[in-house]
Amino acid sequence: MGRTFFVGGNWKCNGTSEEIKKIVATLNAGQVPSQDVVEVVVSPPFVFLPLVKNELRSDFHVAAQNCWVKKGGAFTGEVSADMLVNLGIPWVILGHSERRAILGESNEFVGDKVAYALSQGLKVIACVGETLEQRESGSTMDVVAAQTKAIAERVKDWSNVVVAYEPVWAIGTGKVASPAQAQEVHAELRKWLQANVSAEVAASTRIIYGGSVSGANCKELAGQPDVDGFLVGGASLKPEFIDIIKAAEVKKSA
Ligand SMILES: O=C[C@H](O)COP(=O)(O)O
């Protein structure tokens, strides 16, 4: 089963409306492969979602960076999945390591969020990844498996899930995982899905890599058989994001 290359741009907590408009104008002018070759999703801060949705080219889509774990109500400061659906936002990023580490989101909480968002019709980019300490102690796969298990226990239909493997030590550090390191975890993760979910889900679910992806390193990473795309932070705010999207051509010619 073919896995369309997927490139997400996570703009995190950055930008003024003027800066956001400039980024959108750059994306709108970019020459990129067609949607059957690469699926592109950008994720601005909540407040800019309507602006970006209205101004962004129609072959790119929009994601929120988070949403609440259940239906809305008395949860000050939160945004519900229902609200995103109401606004016509198709995607949400859940379980980003910054939320796990800084805001204390547990594996179970992230699993609940993924299940609820999917139940409301959102598509989910679910993030997993180990810290440097965990990698150095040899527990990378245990950590990533536990994070994925908490999702698998709550989710039956994986067709609207993209898994983003983002080693925490590579995020915003300029210290990208080597293509071999990324491939190793992606392949293990796919094996885990095969053993614990199904062969079909393992074959069809896109596993994308995030952590210091740039115009300079994207092609080599994209050349790895189990790397199905990227979740890009810093570089997604810059024109080089277009070059990263074009890395999809590596797969096309593989
Ligand atoms: O969601 C994106 C990741 O946190 C990667 O961020 P980065 O590309 O700035 O390292």
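The values are calculated or read from the model by the stated rules, or taken from the named source; none is laboratory data. It should be emphasised that the depicted structure is a prediction, and the values quoted were computed from it without experimental measurement. A quick note on method: Cβ atoms are made from the backbone with ideal geometry, for glycine too, and the neighbour counts reach across all protein chains shown. The protein model used for the area step is the full one, side chains on, heavy atoms only, and it has no ligands, DNA or RNA in it. Shrake-Rupley method; radii C 1.70, N 1.55, O 1.52, S 1.80 Å.
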Problem - Filter pass, Lys251 being closer than 19 Å to Thr4 by Cβ and away from the ligand (no atom under 16 Å from the Cβ) - result: yes
Problem - Scan of region 115-134 for residues that are within 13 Å of the ligand (Cβ to nearest atom) and aliphatic (A, V, I, L, M), ordered by number - result: Ile125, Ala126, Val128
Exercise for the section: Note down all Cβ pairs under 7 Å where the first residue falls in region 108-127 and is buried (at least 23 other Cβ atoms within 10 Å of the Cβ) and modelled with pLDDT of 95 or more, the second is among the basic types (Lys, Arg) and part of a loop (DSSP other than H, G, I, E, B), and they're at least six residues apart or on different chains. Expected result: Gly111/Arg154; Val114/Arg154
Problem - Where Asn86 falls short, out of the listed (1) in a helix (DSSP H, G or I); (2) in contact (Cβ under 8 Å) with a residue 24 or more places away in the chain - result: (2)
Handout entry: Test for Ser236: is it assigned to a helix (DSSP H, G or I), near the ligand (Cβ under 10 Å from one of its atoms) and in contact with a strand residue (DSSP E or B) (Cβ under 9 Å, 6 or more places away or on another chain)
Key = yes
Fill in the blank from the handout: Within region 23-53, residues away from the ligand (no atom under 16 Å from the Cβ) and either loosely packed, with under 13 Cβ neighbours inside 10 Å or of a type in the set (S, T, N, Q) (or both) come out as Ala25, Thr26, Asn28, Ala29, Gln31, Ser34, Gln35, Asp36, Val47
Problem - Matching residues in region 1-22 - criterion: being in contact with a Ser or Thr (Cβ under 9 Å, 6 or more places away or on another chain), away from the ligand (no atom under 16 Å from the Cβ) and touching a residue at least 12 places away in the same chain (Cβ under 8 Å) - result: Met1, Arg3
Handout entry: Complete set of residues in region 198-222 that are in a helix (DSSP H, G or I) and open to solvent by less than 10 Å² (accessible area, probe 1.4 Å)
Key = Ala202, Cys218, Leu221, Ala222
Practice task
Spot the failing condition for Phe60; the list is (1) of a type in the set (A, V, I, L, M, F, W, C); (2) open to solvent by 60 Å² or more (accessible area, probe 1.4 Å); (3) within 30 Å of Gln35 (Cα to Cα), and only one is missed.
Solution key: (2)
Problem - Residue, nearest to Ser119 (Cα to Cα), within region 159-216, restricted to residues that are small (Gly, Ala, Ser), out of contact with any Leu (no Cβ under 6 Å at 6 or more places or on another chain) and more than 16 Å from the ligand (Cβ to nearest atom) - result: Ser159
